Amino acid sequence: METPSTDLLPLLKLMHLLALVAWFAAAFHLARLFNAHRAALRLWEPERGLLHERFIPMERRVLFGLAWPALILLVVFGLWQLVRMPGLLASPFMHLKLGLVAVLVVYQMLLHRVQARLQSASLTWSSPALWLFGQGAWALLVALLATVVFRDRLGWTWGALGLLVLGAVIGYAVVKARGAAPAEEKKPEAKA
């Protein structure tokens, strides 16, 4: 018979994973919205203004209605599990996972900052830079999944090597994307 202290654990794990999935869904969607918004800011008026005003509420809904709540729930359910199983804190796997969660929180803050700069139409990032920023969520997802799947099989050396290879692949993709990206259009001059 299970003890009362572990009855809640499967539910906590499920809620933690659901919050993680919701956060990544929001991050992937925001990356697409940011790229489309950035492209809209290069258009001429009145399309530029109309699209800019349409993107702002869409981005805010995803950011404040999905990304932030999912991140908060992710942290709450993760901490709840650690309170119920404090022995996990001694595991090197948990140290790496907590480090990746810290990177995820920083990435969320950067998402918030990019949204605020797009809202004020003051984002100066190029399209390839914004695309690369959007790929950061994919890199985090791969790192988190690899950490969970290979936690008992690979040591720190292989984990670090895997992250370096992932970084090299993303870097290569950026170089290729820059070569294939059309030149940035200049904004039209305002008539006096």
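Looking at the structure I just gave you, is Gly65 in contact with a Lys or Arg (Cβ under 9 Å, 6 or more places away or on another chain), modelled with pLDDT of 90 or more and either surrounded by 13 or more Cβ atoms within 10 Å (Cβ to Cβ) or of a type outside the set (Ser, Thr, Tyr) (or both)? Considered against the rule, which asks whether it is in contact with a Lys or Arg (Cβ under 9 Å, 6 or more places away or on another chain), modelled with pLDDT of 90 or more and either surrounded by 13 or more Cβ atoms within 10 Å (Cβ to Cβ) or of a type outside the set (Ser, Thr, Tyr) (or both), Gly65 comes out as no. The residue list Leu17, Leu50, Leu33, Leu43 contains one member that is under 20 Å from Trp125 (Cβ atoms), without any contact (Cβ under 8 Å) to a residue 12 or more places away in the chain and out of contact with any strand residue (DSSP E or B) (no Cβ under 9 Å at 6 or more places or on another chain), which is Leu43.
For the stretch 92-111, the tally of residues that are of a type in the set (A, V, I, L, M, F, W, C) and over 22 Å from Arg151 (Cβ atoms) stands at 4.
Yes/no per residue for (1) part of a helix (DSSP H, G or I); (2) at pLDDT 90 or above:
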| residue | (1), (2) |
| --- | --- |
| Ala22 | yes, yes |
| Leu43 | no, no |
| Arg54 | yes, yes |
| Arg61 | yes, yes |
| Leu71 | yes, yes |
| Gly78 | yes, yes |
| Leu82 | yes, yes |
| Leu88 | yes, no |
| Met94 | yes, no |
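Scanning the stretch 121-149 for residues that are without any contact (Cβ under 8 Å) to a residue 40 or more places away in the chain and in a loop (DSSP other than H, G, I, E, B) gives Ser122, Thr124.
Which condition breaks for Ser127 when tested against (1) surrounded by 16 or more Cβ atoms within 10 Å (Cβ to Cβ); (2) within 26 Å of Val148 (Cβ to Cβ); (3) small (Gly, Ala, Ser)? All conditions pass for Ser127, except number (2). Taking the stretch 77-91 as the search range and keeping residues that are touching a His at 6+ places or on another chain (Cβ under 9 Å) and either more than 17 Å from Thr147 (Cβ to Cβ) or touching a residue at least 40 places away in the same chain (Cβ under 8 Å) (or both), which one is surrounded by the fewest Cβ atoms within 10 Å (Cβ to Cβ)? This residue is Trp80.
The values are calculated or read from the model by the stated rules, or taken from the named source; none is laboratory data. This structure is a prediction, so every number in the text was calculated from the model and none was measured. Heads up, the Cβs are rebuilt from the backbone with ideal geometry, glycines too, and the neighbour counts pull from every protein chain shown.
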